[in-house]
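Some notes on the structure that comes next.
Rule-based calculations on the coordinates, nothing more; no lab input. What you see is a predicted model; the values in this text were computed from it and never measured. Here the Cβ positions follow ideal geometry from the backbone for every residue, glycine too, while neighbour counts run over all protein chains shown.
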Amino acid sequence: MVDILQVARREIKMGFRNPWAYSFLALFCAFSLGLLLINAQNEIQGYTAVTGSMLSLILYLLPLMTLFLGSFSLTSEKEEGSWQLLSTYPIGTLSFILGKYVGLAVVLLTVVAFGYGLMGMISGFLGMAYDSTTYFLFLLFSAGLVLLFLNIALFIGSLSRNRWQALTVSVAVWFFTVIGWPTFLIAFLGLMPYLWIKPLLVVFTILNPAELVRLFVVIKLGGGSVLGPEYYQWVEWINGSKGSLLFMGVCLVWMLSSILFVYWIWERGRSRG
Amino acid sequence: MDNPLVNVRGISKVIKKQTIVEEISFQIPTGSILALCGGNGAGKSTVLRMVAGIIQPSVGEISVGGLYWHKSRKQFSEQIGYMPDDYQFNQGLSAEEALTFWAALRRVPNRKARVNEVLGLVGLQDKRNRLVNTFSKGMRQRILFAQALLARPSLLIMDEPTNGLDPFWMNEFVDLLQRIKEEGHTVIFSTHQLEIADKIADQIVFLSHGRNVGSGPTKEFHAKFGSLYTAFNHSLGLK
């Protein structure tokens, strides 16, 4: 535990001294102010076309930001020789990975919190109305995206040899999971027998964190009906009495299993040399 | 040799079907200094990385203080202080912050005092708050040396420790290593500067193309060949 905290503390220090973090902070603040502007035109409450576009905008920006910062952080450990040095220390590989995850999560969540805080503060000063449930669901949506995509980022960083490789793979993953997802999904499911479509849809949705978090927030905002009949079961689950707990459980399993997978990659490299 | 601290037995390393190091064996008694000498690509760093537990030998085994890395990794690592050659320091930490982090991971008691002490040893006390990525090559080497000394390890492993050091710090480094040896620590380091090896090493291993081409006590090389240069050339089959 002490090692995890030490690695996390170093990560937070390095994170807040990294110019990339400030570029993303500025970008996210500008983005939050953009959302505020959209809200000024029509007060956002529940799921509307405006909320849907806002969710999509967040979906474009946050995963990419997380993938870059997370994967670069791990590849730089390899490129700079830091991991080689640390592997001569009496520190466990899991402590190192968890420390990196916690530290990066703190940095990224601070960026997100700052952006939303700024948005809330300015709307408060200007006396603009903002539905608190919608506001907190947006915050949850953003935090969920960061926490889940950070796992993918660590996975990319573990497999990439350098930052260029990590950058290429990050953009590819972002494109596939965020931009191209509906098109690829429809094309793929169209090739499957009819009875397979529903179970496959569940599996693919769970595998794609962007889709998983988006579905949860859209349904919680009351927009379940726009998703179509294939998602009826999802609407029932999420709106059920234990829907939020179930969602958190799925996210937790997602995070733990991917952290363990990342650990396995690093440990394999360490043991085989 | 009675009870050597380091026992390297027939290690080889094959990476992508290429043999980097082949059948290297040596022992280092407690409180002595061994220098791995050889040109570029001789396999010095690979041998040191294997001794430090960063990479594992394809064949053979290494024990430090009777411990094997794969059997008791934590205890094995606790005995070691490693100074790498290719550390880049782009992390935006100050000298003091970097050393404090390393000291914490090694559970160094009285961390602050020890960090001050090693900063003093390498002459960087007044640069403690400067970011390490603004340091010159020689200053970075000194920070890495300080890092390796932090936990007073029984075995100090140093990869090209004098690279980038100016003549003053080169001499200081020689004095420091002598003092460390007198305190009972064991040292293994790589160098292509034979004069450094000549000054401080008790034993020399000459490497060429990943093979041990000559090894023995420094004094013996002197007695037999007159100088380490002649001994090295002889080992390589040169006149």
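Compute the acute angle (0 to 90°) between the alpha-carbon long axis of helix A:209-220 and the principal axis of greatest extent of the alpha-carbon atoms of chain A; round to the nearest 10°.
The angle comes out at about 30 degrees.
So in chain B, what percent of DSSP beta bridges are antiparallel if you round to the nearest 5?
In chain B, DSSP labels about 50 percent of beta bridges as antiparallel.
Using modelled backbone amide H atoms (1.01 Å from N, in-plane), which distant-in-sequence or interchain residues come within less than 5 Å of A:Gly223's amide H?
Hits under the 5 Å cutoff: A:Tyr47.
Where does the protein assembly as shown land at 222 nm, in deg cm²/dmol rounded to the nearest 500, when only DSSP H runs of n ≥ 4 count, each adding -39500 (n - 2.57), divided by all residues?
Computed ellipticity for the protein assembly as shown at 222 nm equals -20000 deg cm²/dmol.
What translational diffusion coefficient, in µm²/s and rounded to a whole number, does the Stokes-Einstein relation yield for the range B:20-172 at 4 °C and a viscosity of 1.567 mPa s, taking the hydrodynamic radius as the Kirkwood radius over Cα pairs?
78 µm²/s
At each listed q (0.10, 0.13 Å⁻¹), what is the log10 of I(q)/I(0) that the Debye formula gives for the protein assembly as shown modelled as equal alpha-carbon point scatterers?
For the protein assembly as shown at q = 0.10, 0.13 Å⁻¹, log10 I(q)/I(0) is -0.84, -1.17.
With labels modelled as points extended 7 Å from the Cα through the Cβ direction, what inter-label distance (nm, one decimal) is found for B:Arg128 paired with B:Arg9?
With each label placed 7 Å out from Cα toward Cβ, I get 4.6 nm.
Can you work out the Karplus-derived ³J(HN,Hα) for every residue in the range B:61-72? Use 6.51 cos²θ - 1.76 cosθ + 1.60 with θ = phi - 60°, whole Hz, and x for glycine or proline.
Result, rounded to whole Hz: 9, 10, 10, 10, x, x, 9, 10, 4, 6, 8, 9.
Amide H neighbours of B:Ile20 under 5 Å, counting only residues 5+ apart in sequence or on other chains, H built in-plane at 1.01 Å?
The list, which skips near neighbours in sequence, is B:Lys13, B:Val14, B:Ile15.
Using the Karplus equation 6.51 cos²θ - 1.76 cosθ + 1.60 (θ = phi - 60°), what ³J(HN,Hα) coupling, rounded to whole Hz, does each residue of the range A:97-107 give in order, writing x for Gly and Pro?
3J(HN,Hα) across the range A:97-107, in whole Hz: 5, 5, x, 4, 4, 4, x, 5, 4, 4, 4.
Peptide B:147-157: average number of partner chain Cβ atoms within 10 Å per residue? Intermediate values should be presented prior to the final figure.
On the way: counts 1, 2, 0, 0, 2, 0, 1, 0, 0, 0, 1.
The shielding value for this peptide is 1.
Out of the DSSP beta bridges found with both residues in the range B:150-239, what percent are antiparallel (nearest 5)?
Within the range B:150-239, antiparallel bridges account for around 55 percent of the total.
By the scheme Lys and Arg +1, Asp and Glu -1, what is the net charge of all other residues having a beta-carbon under 15 Å from that of A:Leu167?
Values: positive: A:Lys78, A:Arg161, A:Arg163; negative: A:Glu79.
Net charge around A:Leu167: +2.
From the phi angles alone, apply the Karplus equation (6.51, -1.76, 1.60; θ = phi - 60°) to the range B:130-141 and give each ³J(HN,Hα) in whole Hz, x where the residue is Gly or Pro.
7, 5, 5, 6, 9, 6, 6, 4, x, 5, 5, 4
List the lysines whose Cα sits under 22 Å from the Cα of A:Lys220, skipping any in the same chain fewer than 8 residues away.
Candidates past the 8-residue exclusion: A:Lys198, A:Lys242.
Å³ per residue of the Cα convex hull, for the range B:94-239?
Convex hull volume per residue, Cα atoms: 127 Å³.
What is the set of long-range amide H partners of B:Ser208 at a cut-off below 5 Å, with H atoms built 1.01 Å from backbone N?
B:Val213
Based on other C-beta atoms within 10 Å, arrange B:Met139, B:Met158 from fewest to most.
Working: B:Met139 21, B:Met158 24.
Ordered by Cβ neighbours within 10 Å, fewest first: B:Met139, B:Met158.
Give me the distance between the Cα centres of the range B:1-51 and the range B:161-180, rounded to whole Å.
A separation of 23 Å, based on Cα centres.
For B:Lys181, what charge total do you get from the other residues with a beta carbon under 14 Å from its beta carbon, if Lys and Arg give +1 and Asp and Glu give -1?
-1
Per residue of A:75-87, how many C-beta atoms from partner chains lie within 10 Å of its own C-beta, taken as a mean? Numbers along the way, then the final one.
Details: counts 0, 3, 1, 0, 3, 7, 8, 7, 1, 8, 11, 5, 8.
For peptide A:75-87, the averaged partner shielding equals 5.
Starting from a Cα-only point model with no solvent, please compute log10 I(q)/I(0) by Debye for the range A:2-272 at q = 0.10 1/Å.
Those come out to -0.55, one per q.
Could you name the lysines whose alpha carbon sits less than 22 Å from that of B:Lys44, not counting residues in the same chain fewer than 8 places away?
Straight-line reach from B:Lys44, under 22 Å: A:Lys78, B:Lys13, B:Lys16, B:Lys17, B:Lys137, B:Lys181, B:Lys199, B:Lys219.
Express as a percent, rounded to the nearest 5, the fraction of DSSP beta bridges in the protein assembly as shown (both residues included) that run antiparallel.
Here the share of antiparallel DSSP bridges comes out near 50 percent.
With a Förster radius of 35 Å, plug the Cβ-Cβ distance of B:Thr230 and B:Lys71 into 1/(1 + (r/R0)^6) and report the FRET value to the nearest 0.05.
According to the calculation, E is roughly 0.25.
Around A:Leu201, with a cut-off of 15 angstrom between Cβ atoms, what is the net charge of the other residues, counting Lys and Arg +1 and Asp and Glu -1? Let's see the in-between values first.
Details: positive: A:Lys198, A:Arg214; negative: A:Glu211, A:Glu230, A:Glu236.
Net charge in that neighbourhood comes out at -1.
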